[in-house]
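The values are calculated or read from the model by the stated rules, or taken from the named source; none is laboratory data. The structure displayed is predicted, hence computed values, not measured ones. All Cβ positions, even for glycine, are placed from backbone atoms using ideal geometry, and neighbour counts span all protein chains on display.
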């Protein structure tokens, strides 16, 4: 395999953009196809150096090798990976906290690192101003630019294309991404010492699965909003757990809740509609190869919270020291919790990512599809996992058919909440 064309052909691409970011010949460009970002190879420029394949997290991730390289040890906890300390916490800046997905710790961490001179910039993502339904990875160099990239983006993001800019410039950088982005960056760092020296902080956002662009289009169709009339869209914010806020070109704006209401939109996505198949095969919920991982504090004691708390896992002394200094400076509020509390907060997603992985891989292989290689390999299997895997695979296939989804679009939001209940019941088996 000389370049990532075979990865795309076998539908193993995560759309992370690492290949485009590190190609020395500029032969790889990311483009949207069937609702996701995929690399396109310029065969005239390609030198068949193979670097893009060796950095690609889509077809293989050797967790044993990467854990040894990054942490000098293998994880004692197979669900969370290597970790030093677990916390729940939030930014003490009420504006940052209220306008983030959960707690505002990522935004506050990057601002702290920038103002203390630890980094010169941070790879983050915002939505494009002139194309509000498309993401824009960029290097933020000011507090204002970091804040502009707050909140989750429930759409494909080829964040690692910005590695090209990091390689061109002097300085030290932080990178923020999903587990697959961090996988790609860590693999690239093994092959490029210059990149390894420049990236001093790896921040991972906990992730159950990505949603392709067709998912957002489906929501807009349900709301009878033409894509061309949208002037801005944010998927989270306005407190916790937040809401999707859509602003139209006629200045009208409205919001729909993420969860917790019969009119919530997330049950559509949590049912794995509009999930790329490769994304459903990922074994990493908590960003195990990052310096620090963060996610929503889905715990009973925070059900009535209206502003947001972050679940935090520090994995390196760099991240631990930064958090300690931020807490001492009263920039953030932290409370140490047990790893078991983290697992409780991510229970459903960890079952999906870890317990059911081998079964999902076998289901995909049964249908004649290639699967990625993960080291160490997974081997467990159960009937319950098979039923859950079939539910996921069925919904992935259904949502890839535009005709079927056009028929489902008129169904009210409560239908999808009830439908997601089937998966939750299967998780109780």
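Miscellaneous remarks
- All of 264, 204, 208 fail the test of being touching a residue at least 40 places away in the same chain (Cβ under 8 Å), within 30 Å of residue 357 (Cβ to Cβ) and surrounded by 22 or more Cβ atoms within 10 Å (Cβ to Cβ), apart from 204.
- Single match in 327, 319 (criterion: farther than 30 Å from residue 216 by Cβ, buried (at least 17 other Cβ atoms within 10 Å of the Cβ) and either at pLDDT 95 or above or touching a strand residue (DSSP E or B) at 6+ places or on another chain (Cβ under 6 Å) (or both)): 319
- Filtering the stretch 399-429 to residues that are within 23 Å of the chain's Cα centre (by Cα) and farther than 30 Å from residue 81 by Cα leaves 399, 400, 416, 417.
- Residues in the stretch 218-240 that are modelled with pLDDT of 95 or more and closer than 24 Å to residue 181 by Cα: 233, 234, 235, 236.
- Verdict on residue 340 being surrounded by fewer than 24 Cβ atoms within 10 Å (Cβ to Cβ), modelled with pLDDT of 95 or more and outside any helix (DSSP H, G or I): no
- Residue within the stretch 111-122 that is outside any loop (DSSP other than H, G, I, E, B), within 19 Å of the chain's Cα centre (by Cα), farther than 30 Å from residue 38 by Cβ and in contact (Cβ under 8 Å) with a residue 40 or more places away in the chain present: no
- The residue that is farthest from residue 297 (Cα to Cα), counting only those in the stretch 97-110 that are part of a helix (DSSP H, G or I) and under 20 Å from the mean Cα position of the chain (by Cα), is 110.
- Residue list for the stretch 183-207, restricted to those being more than 13 Å from residue 19 (Cα to Cα) and part of a helix (DSSP H, G or I): 190, 193, 194, 195, 196, 197, 198
- Within the stretch 378-409, the set of residues being part of a loop (DSSP other than H, G, I, E, B) and in contact (Cβ under 8 Å) with a residue 12 or more places away in the chain comprises 378, 379, 380, 381, 382, 400, 409.
- Within the stretch 234-251, the set of residues being surrounded by fewer than 21 Cβ atoms within 10 Å (Cβ to Cβ) and in contact with a helix residue (DSSP H, G or I) (Cβ under 8 Å, 6 or more places away or on another chain) comprises 237, 238, 239, 248, 249, 250.
- Residue pairs meeting the criteria (Cβ under 6 Å; at least 6 apart or on separate chains; first without any contact (Cβ under 8 Å) to a residue 12 or more places away in the chain and at positive phi, in the stretch 65-85; second surrounded by 19 or more Cβ atoms within 10 Å (Cβ to Cβ) and in a loop (DSSP other than H, G, I, E, B)): none
- Selected residue (criterion: nearest to residue 402 (Cα to Cα)) from residues of the stretch 16-60 that are in contact (Cβ under 8 Å) with a residue 40 or more places away in the chain and assigned to a strand (DSSP E or B): 36
- Within the option set 408, 387, 426, being within 30 Å of residue 226 (Cβ to Cβ), surrounded by 11 or more Cβ atoms within 10 Å (Cβ to Cβ) and touching a helix residue (DSSP H, G or I) at 6+ places or on another chain (Cβ under 9 Å) holds for one residue only, 408.
- Tabulated pairs, the stretch 137-161, first touching a residue at least 12 places away in the same chain (Cβ under 8 Å) and on the phi > 0 side of the Ramachandran plot, second surrounded by fewer than 21 Cβ atoms within 10 Å (Cβ to Cβ) and not in a helix (DSSP H, G or I), C-beta under 6 angstrom, 6+ apart or interchain: 151/237
- Considering only residues in the stretch 30-49 that are surrounded by fewer than 17 Cβ atoms within 10 Å (Cβ to Cβ) and within 16 Å of residue 157 (Cα to Cα), the one that is farthest from the chain's Cα centre (by Cα) turns out to be 40.
- When 145, 136 are screened for being surrounded by fewer than 24 Cβ atoms within 10 Å (Cβ to Cβ), at pLDDT 95 or above and either touching a helix residue (DSSP H, G or I) at 6+ places or on another chain (Cβ under 7 Å) or in a helix (DSSP H, G or I) (or both), only 145 passes.
- For the stretch 410-429, residues that are within 19 Å of residue 350 (Cβ to Cβ) and either free of Cβ contacts under 8 Å to residues at least 60 places away in the same chain or touching a strand residue (DSSP E or B) at 6+ places or on another chain (Cβ under 7 Å) (or both) total 4.
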